[in-house]
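The values are calculated or read from the model by the stated rules, or taken from the named source; none is laboratory data. Predicted model only: the values in this text are computed from it and were never measured. Cβ placement follows ideal geometry from the backbone for every residue including glycine, while neighbour counts extend to all protein chains displayed.
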Amino acid sequence: MILDNIHNHYEKLVFEAIQRRLATDGEGEPLAEGALEDIACLALNHLPTRYVRHSVDLVFYLTPDEQASMERQVAAAVAEAFEQVRSHPHAD
């Protein structure tokens, strides 16, 4: 479909930030099943949307300050989402 190429650029940034966080947390407190999806959703809900066809198109037009600002926003949203999910686990 023609719209298959459109995505929210913040999704990629959030997924990468979650992976970095998991790599640095090491063998910390294990997460419940489905927690990563919850973390991603919570973080994305605290960020603006930035729909693009290709992420490289957006990055090309951003200034270094704008890129740094986006990274800081993502890091803060992901950290808050991890804290929220860990402090309120599902009772499945």
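For the reader, a short list of remarks on this structure follows.
- Qualifying residues in the stretch 36-88 (those that are without any contact (Cβ under 8 Å) to a residue 12 or more places away in the chain and of a type in the set (S, T, Y)) - the one nearest to Y10 (Cα to Cα): S69
- Enumeration of residues in the stretch 18-52 that are touching a strand residue (DSSP E or B) at 6+ places or on another chain (Cβ under 8 Å) and charged (D, E, K, R): R50
- Some residue of the stretch 23-34 being at pLDDT 90 or above and surrounded by 11 or more Cβ atoms within 10 Å (Cβ to Cβ): no
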